[in-house]
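Enquirer: One structure, pasted below without further comment.
Derivation of every value follows stated rules applied to the coordinates shown; laboratory data play no part. Values in this document were obtained by computation on a predicted structure and should not be read as measured data. Cβ: placed from backbone, ideal geometry, glycine included. Neighbour counts: every protein chain shown.
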Ligand SMILES: NC(=O)c1ccc[n+]([C@@H]2O[C@H](COP(=O)([O-])OP(=O)(O)OC[C@H]3O[C@@H](n4cnc5c(N)ncnc54)[C@H](O)[C@@H]3O)[C@@H](O)[C@H]2O)c1
């Protein structure tokens, strides 16, 4: 399988995608010049399934693993849990050269990355993502964060890992709902960047839910696209915001439905369809909405929005970060594989929401 280089101004790194790479993590960490003790941050679910393999691999490469286990769930991606991790690192006297290894989904990756960015002003860290969403999205690009009671990801830092090790074999134990939530982000890359990838997903939709060469290829292609976008705009000063396609509607859905009702990827799937339909209404891309809905349907990913009053929907979007005066900024599709950032008047959004939620 493949290695993808994330080319950044200050610190570039590789993403390795390989079946069975979990058992090689120790050797690969050692090859990065890291040695001694390694803090493995995980949760009971993932630690129970894969902690042993990672511990054995580190030990056989001469590293000495120390496990820090955080309870499973988005509600534990908090400054309080991060603080407990600092406590453990301090009492174990972890030093600036000791690596942190994030073993888990996006919750563990984001929080372990944040701790790595801040403990002793920054220690080396490695991502070993174990959900499809974290393999194709959150482990790549260096956004780290914890949540605040007032909102998701409000406390964070841009901090790049030293490497990302992706083992598609771990998806065998991932619940189907989580696989589908990750696939929504995979589809996003086709819409925003690469029409051929979108056609590939259409042609192979029935094979992407189960482990196999198709999903492995999709992981690699997704990482390649995200790496390219992040390489062009690491700190989201412009281009990188195209990765938020579907997210303005999606965040509003998550907030209105109550966090936890939808998986992030599920809300993004609905949000992408809404953004694509809005693109059609504004005369940008008429085929994008129907094509996207067709693909999501083939993948078994729901894309209809929940019943929500349009005014509430608009208000929830106003609270999101992309509001400029009486206009809201969206990523809209011009054609498959090409998007644009565009501000839309609130009255036009309201009109769209009224027709869309009635349809
Ligand atoms: N940093 C970024 O750029 C970025 C991008 C997108 C999302 N995120 C963040 O990612 C988080 C969501 O990540 P997620 O969807 O991976 O959720 P998650 O980390 O909560 O994982 C989902 C569930 O799957 C379990 N799990 C993980 N791997 C498993 C495996 N191989 N087998 C069985 N069970 C497994 C977990 O224990 C958890 O219960 C959110 O906090 C979101 O803000 C960050």
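Enquirer: How far is helix 247-257 tilted off the main Cα axis of the chain, in degrees rounded to 10, range 0 to 90?
Expert: Once rounded, the angle reads 90 degrees.
Enquirer: At q = 0.12 Å⁻¹, work out log10 I(q)/I(0) for segment 3-173 with the Debye formula, treating every Cα as an identical point scatterer and leaving solvent out; two decimals please.
Expert: -0.46
Enquirer: Considering only C-alpha atoms, what is the centroid distance from segment 57-89 to segment 244-265, in Å?
Expert: Each part reduced to its Cα centre gives a spacing of 28 Å.
Enquirer: Rounded to the nearest 5, what is the percent of antiparallel bridges among the DSSP beta bridges in the chain?
Expert: Beta bridges within the chain, antiparallel portion: roughly 50 percent.
Enquirer: Principal axis lengths of segment 133-187 from Cα atoms, whole Å, largest first?
Expert: Between the extreme Cα coordinates on each principal axis of segment 133-187 lie 33, 28, 21 Å.
Enquirer: Can you give me the C-alpha center-to-center distance between segment 1-21 and segment 290-359, rounded to a whole angstrom?
Expert: Rounded to whole Å, the Cα centres lie 33 Å apart.
Enquirer: Could you tell me the convex hull volume per residue, in Å³, taken over the Cα atoms of the chain?
Expert: In the chain, the Cα convex hull volume per residue is 120 Å³.
Enquirer: Could you give me D for segment 187-260, from Stokes-Einstein at 37 °C and 0.692 mPa s, where the hydrodynamic radius is the Kirkwood radius over C-alpha pairs? Units µm² s⁻¹, please.
Expert: 237
Enquirer: Where Rh is the Kirkwood radius over the Cα pairs of segment 204-359, the temperature 10 °C and the viscosity 1.306 mPa s, what D in µm²/s does Stokes-Einstein return?
Expert: 97
Enquirer: Using packing as a proxy for protection, rank 173-185, 263-275 so that the peptide with the highest average count of other Cβ atoms within 10 Å comes first.
Expert: Listed from highest to lowest mean packing, they are 263-275, 173-185.
Enquirer: So for each of 222-229, 327-334, 43-50 I average, over its residues, the number of other beta carbons within 10 Å; can you give me the resulting order with the highest mean first?
Expert: Packing order, densest peptide first, comes out as 222-229, 327-334, 43-50.
Enquirer: Here is a follow-up. Tell me the relative contact order for the chain as a rounded percent, counting alpha carbon contacts under 8 Å between residues six or more apart.
Expert: Contact order relative to length: 14 percent.
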